[in-house]
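Asker: To start, I am sharing the structure in question, which I have written as structure tokens.
Just so it is clear, none of the values below were taken in a lab; they were calculated from the coordinates. This structure is a prediction, so every number in the text was calculated from the model and none was measured.
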Amino acid sequence: MTTAGSTAGRVPASVPAAPSLIDAPDLMPPAGHYSHIAVHRGLAYISGQLPVTPEGGKLIQEPFAVQAEQVLRNVDACLAAAGSSRDRLVSVTVYVTDIGDWPTFDRLYAQWLGAHRPQRAVAGVKELHYGSAVEVHAIAALD
């Protein structure tokens, strides 16, 4: 029970608005209960991107390099939908099912980013959705 003048149950003015949730128009709609991108307080949080083409084709039978290139194209589509770009990336997390593929990913990633070198983590995992070999999650600045 609240009394007159109480602030219980009210959201203080200092609490930021809810995040904006965006689905990249150049990608297939998410297959699960999530959005491609959440934008909040000047940052775009990009959901894990898999090697899935804009038409929905899953490239899981393709070589690792082909999968990685598609994943990076999907990150580009999310960055564009959020109003950001590669040079605004602040953090990137990469999941691979074979850590032996790390040198290939690192080479493709360096070509994709050029001189920009955001924070990054690479984790070897047992498996990824659809049997994918690589997944990338990223955070980018908007301003």
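Asker: Just checking my list (i) 15.2, 47; (ii) 18.1, 66; (iii) 23.1, 67 against Rg and Dmax of the Cα atoms in Å computed from this structure; which label fits?
Answerer: (ii)
Asker: Shifting gears a bit: Let me have the 222 nm mean residue ellipticity of the chain computed from DSSP H runs of 4+ only, each contributing -39500 (n - 2.57), with the sum over all residues rounded to the nearest 500.
Answerer: Roughly -7000 deg cm²/dmol at 222 nm, from the helical runs in the chain.
Asker: So what are the ³J(HN,Hα) numbers for region 50-67, from phi and the Karplus equation (6.51, -1.76, 1.60; θ = phi - 60°), rounded to whole Hz, Gly and Pro as x?
Answerer: The phi angles translate into 10, x, 10, 6, x, 8, x, x, 8, 8, 5, 8, 7, x, 3, 4, 5, 4 Hz.
Asker: Taking one equal scatterer on every alpha-carbon of region 102-143, how large is log10 of I(q)/I(0) by Debye at q = 0.14, 0.27, 0.29 1/Å?
Answerer: -0.42, -1.16, -1.23
Asker: Let me ask something else. If the elastic network links every pair of Cα atoms under 10 Å, which of Thr104, Thr93, Thr53 fluctuates the most in the Gaussian network model of the chain?
Answerer: Thr104
Asker: Could you give me the ³J(HN,Hα) list for region 24-31, computed from phi with Karplus coefficients 6.51, -1.76, 1.60 and θ = phi - 60°, whole Hz, x at Gly and Pro?
Answerer: 5, x, 8, 10, 4, x, x, 7
Asker: Cα centroids of region 109-125 and region 45-68: how far apart, whole angstrom?
Answerer: Answer, in whole Å: 17.
Asker: OK, next. Apply the Karplus curve 6.51 cos²θ - 1.76 cosθ + 1.60, θ = phi - 60°, to the phi angles in region 70-80 and return the couplings in whole Hz, x for Gly and Pro.
Answerer: Values, residue by residue: 5, 4, 5, 5, 5, 4, 4, 4, 5, 4, 4 Hz.
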